[in-house]
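The structure under discussion appears below in the form of structure tokens.
Derivation of every value follows stated rules applied to the coordinates shown; laboratory data play no part. Owing to the predicted nature of the structure, the values given are computational and were not obtained by experimental measurement. Counting neighbours? That spans all protein chains shown, and the Cβs are built from the backbone with ideal geometry, glycine included.
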Amino acid sequence: MEKTALEQPRSARFALWGGIAFSVAFTALIWWGGTRLTSVPHLPQQGPWWYYWKLATPTFWSHFTAWMFYALHQIALWTLIFYAQTRVKKYSSGLHPVNVVALGVNAFFIVLHFVQTQIWYDGLAQDVSVFTSQGSVILMLVAILLMENQRRGLFFGKKVSFLKRLGAFARKYHGYLFAWATVYTFWYHPMENTIGHLAGFFYMFLLLLQGSLFLTRIHVNKWWTLTQEVLVGIHGTLVALMQKNGTWAMFAFGFAAIFVVTQMFGLSFSRLVRGIILGIFVLVTLAVYSQRGWVRLNEVLRIPLIEYLAVFVMAGLIALGMWITGRMRKPQADPVPPED
């Protein structure tokens, strides 16, 4: 039987709850430190896809520190993941020494990013599109749907059988993708104290915590992993409300639809409980869109359609890569010797 987070060994419990407490405390520190950033000069807002929080006049050091610290953080985590996969290999109820190192590495770079923001401000956003930050998180969420297909299914508990092998491949190598998505997004933004930034950094801290607990039972605890899947919807809704662009319902109901269609089937809910959750979702949706306008009801489908379509696109790319790799590794037949 799967242990809950509270039933894990003491070292694992301390890492989990200590990491969550650290995340809350450091989010509060970002809120406090943001008051010193009010004088930072920004360019005027230039449209819905313009990222506002970057220097109006970047410097060499603002570029260099953002990219150098990001690269060091990225390489450090990839190295630890590779070490764990090649040397540790086995899951444990408690922490491995490499988990302690990973926790320390992430804590160091979190502090470093705070200092870097206070001195040089800029993140990676100065040089790359906001689409890359959003896209990295979407890739991570899509990979989770692919990996979890074999456990909870993809549509109302039904498993897509041909995704089984591809999901196993994604599960084996997902750590590298997730580490990139998390660290890249983490260094994309300066540590500002808007509601969106605070919610986003708190979410990133939890993802970095999760990434530090590889090869432990907590890392695969269904309640803990689902919490991180659900939080992205809360974050997206908060950011949309902050920006006052009218897209909050797309995020709130879109991610709620994914929960109803897929995610809740990974929990030990009875059919009655699932039916009640589905009924509440339908009633709230109808109530909101009776006021919002039925013509906008398609907002509920946008995010689910994108994510489910992306699951099959990702599966196809993995299948293509596996086929190409298999062809390259296949031994060639011995040439037929010429006749005399």
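Toward the positive end of the charge dipole of the range 1-128, about the Cα centre and with charges on Cβ (Lys, Arg +1; Asp, Glu -1), which of F64, G18, Q116 goes farthest?
G18
Taking 30 Å as R0, compute the FRET efficiency from the Cβ-Cβ separation of L241 and L320 and round it to 0.05.
Given R0 = 30 Å and the Cβ-Cβ separation, E is 0.15.
Want the number for K164 to N298: 0.36 nm per residue separation, take away the alpha-carbon distance, what's left?
45.2 nm is the gain from fully extending K164 to N298.
Test of understanding: what is the full-extension gain from V313 to L37, defined as 0.36 nm times their sequence separation minus their Cα-Cα distance?
On the way: separation 276, 0.36 × 276 = 99.36 nm, distance 4.15 nm.
In short, 95.2 nm is gained.
Can you compute the charge dipole magnitude of the range 150-305 about its Cα centre, using +1 on each Lys and Arg Cβ and -1 on each Asp and Glu Cβ, nothing else charged? Give it in debye, rounded to the nearest 20.
Using Cβ point charges on Lys, Arg, Asp and Glu, the range 150-305 gives about 800 debye.
Tell me the net charge near W248. Cut-off is 14 Å between Cβ atoms, W248 excluded, with +1 for each Lys or Arg and -1 for each Asp or Glu. Mind showing how you got there, number by number?
Numbers: positive: K244, R292, R296, R302; negative: E299.
Local charge sum for W248: +3.
Rg (Å, one decimal) plus Dmax (Å, integer) for the alpha carbons of the range 92-231?
Considering the range 92-231 through its Cα atoms, Rg and Dmax are 16.3, 52 Å.
Taking the Cβ-Cβ separation of K90 and Y52 as r and a Förster radius of 51 Å, what is the calculated FRET efficiency to the nearest 0.05?
E between K90 and Y52, to the nearest 0.05, is 0.65.
In Å and on Cα atoms, what radius of gyration and Dmax does the range 91-135 show?
15.5, 42
By its C-alpha gyration tensor, with a ≥ b ≥ c as the square roots of the eigenvalues, how is the range 264-320 shaped: rounded for a/c under 1.5, else prolate for a/b larger than b/c, else oblate?
Taking the square roots of the gyration eigenvalues as a ≥ b ≥ c, the range 264-320 is oblate.
Take the eigenvalues of the Cα gyration tensor for the range 218-340, scale each by 5, and report the square roots as semi-axes in whole Å, largest first. List each step's numbers first, then the result.
Working: eigenvalues 410, 73, 41 Å².
Computed over the range 218-340, the values are 45, 19, 14 Å.
Using 0.36 nm per residue, how much length does the chain from I195 to F64 gain when fully extended, once their Cα-Cα distance is taken away?
Fully extending the segment from I195 to F64 adds 44.4 nm.
Rg to Rh ratio, the range 116-196, alpha-carbon atoms and Kirkwood radius?
Expressed as Rg/Rh, it is 1.14.
What's the magnitude of the charge dipole for the chain around its Cα centre, counting Lys and Arg as +1 and Asp and Glu as -1 at the beta-carbon? Answer in Debye, nearest 20.
1060
Return P(r) of the range 36-98 (all Cα-Cα pairs; 5 Å bins starting at 0; whole %; ordered from short to long distances).
Result returned by the calculation: 3, 13, 14, 13, 12, 10, 8, 9, 10, 7, 1.
Bin width 5 Å, origin at 0, all Cα-Cα pairs of the range 31-140: what percent of pairs per bin?
2, 10, 16, 18, 18, 14, 9, 7, 4, 2, 0
Once R0 is set to 41 Å, what does the formula 1/(1 + (r/R0)^6) return for the Cβ-Cβ distance between M328 and S268, expressed as a FRET efficiency to the nearest 0.05?
Numbers: r = 44 Å, r/R0 = 1.06.
Here the calculated transfer efficiency is 0.40.
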